[in-house]
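Remarks on the structure that follows.
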Amino acid sequence: MIDNVTVTDEAGTVLAQILVPAGGTPAQAGWPTSPKHRFFTVPKRGEQESQRFNFAAGKWEDAPSLIEAQLIAAIKDEAERRKMTMATPGGMKKTIYAAKQAEVEAFNAMGNSVAQILTALTTLTPIKRTRRFRYALAEAALRGEPTIDAAIARFAAGADASHAIVSRIEAAEQVGVDNVKAAATAAAKRAAAAAIVWPA
């Protein structure tokens with residue numbers, strides 16, 4: 001077995017790190033000892049990603065900056081995972097959802113009431129109507145609906161339900177990250193991350 005021994009001066013400045021046979025002394029490893037030198041056997045069980053060795057205290061201690069980075073990464077990963085549960089996999093689906101959302105907005109922009117909008121639709125040429133409301137027309141035709149207002153309403157309801165949850169997840173992510181950054185100690189940063197309440 002080998003011990004990892006760190007040598008510092010009286011001020012705590014690291015002079016060297018040497019390997020010493022377990023139970024041995026730095027002198028046995030060839031280190032020229034001095035009364036001004038301090039020796040610390042660095043425990044190898046420290047969490048390298050979240051801790052740093054405090055040579056003055058002779059122990060591993062949480063490093064707030066490292067813990068903050070870990071916590072923020074974990075928060076963002078969890079937020080992304082939750083957001084993705086609201087999306088159907090597939091690049092083409094994203095294109096379709098965007099096109100349907102555009103149809104909803106175009107429909108609503110044509111008037112202040114369904115009756116007014118349906119009347120305005122009759123003024124469009126068939127090619128313009130098809131290009132502007134391709135998905136709504138296809139769904140209405142398949143369902144046997146004479147107009148597209150019901151299809152548009154379904155598109156809008158689906159988007160509203162998804163965005164309602166995603167917007168709350170986004171808010172929880174942003175507030176959680178800000179709280180972690182604002183916390184002064186490692187324990188406070190962990191508490192801030194643990195306090196995040198994700199929307200169901």
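The values are calculated or read from the model by the stated rules, or taken from the named source; none is laboratory data. Note that the coordinates shown come from a computational prediction; the quantities given were computed from them, not determined experimentally. All Cβ positions, even for glycine, are placed from backbone atoms using ideal geometry, and neighbour counts span all protein chains on display. What goes into the accessible areas is simple: the full protein's heavy atoms, side chains included, and nothing from ligands, DNA or RNA. Shrake-Rupley method; radii C 1.70, N 1.55, O 1.52, S 1.80 Å.
Summary of values
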quantity: Anchor K94: lysines whose Cα lies under 16 Å away (excluding residues fewer than 8 positions away in-chain); calculated: K83
quantity: Phi to ³J(HN,Hα) by Karplus 6.51 cos²θ - 1.76 cosθ + 1.60 over segment 152-157, Hz, x for Gly, Pro; calculated: 4, 5, 5, 4, 5, 5
quantity: Point-charge dipole on Cβ atoms (K/R +1, D/E -1) for the chain, about Cα centre, debye to 20; calculated: 660 debye
quantity: Prolate/oblate/rounded label for the chain (Cα gyration tensor, a/c 1.5); calculated: prolate
quantity: Between 0 and 90°, nearest 10: helix 64-84 axis offset from the chain longest Cα axis; calculated: 20 degrees
quantity: Most to least accessible of S65, S34 (protein chains only, probe 1.4 Å); calculated: S65, S34
quantity: Tensor-based shape of segment 95-157 (alpha-carbon gyration tensor, a/c under 1.5 rounded, otherwise prolate or oblate); calculated: rounded
quantity: Carbon/sulfur fraction of accessible area - the chain, other protein chains in place, 1.4 Å, %; calculated: 57 percent
quantity: Accessible area per residue in Å² at 1.4 Å probe, computed on segment 77-145; calculated: 68 Å²
quantity: Rounded accessible area of R168 (nearest 10 Å², 1.4 Å probe); calculated: 130 Å²
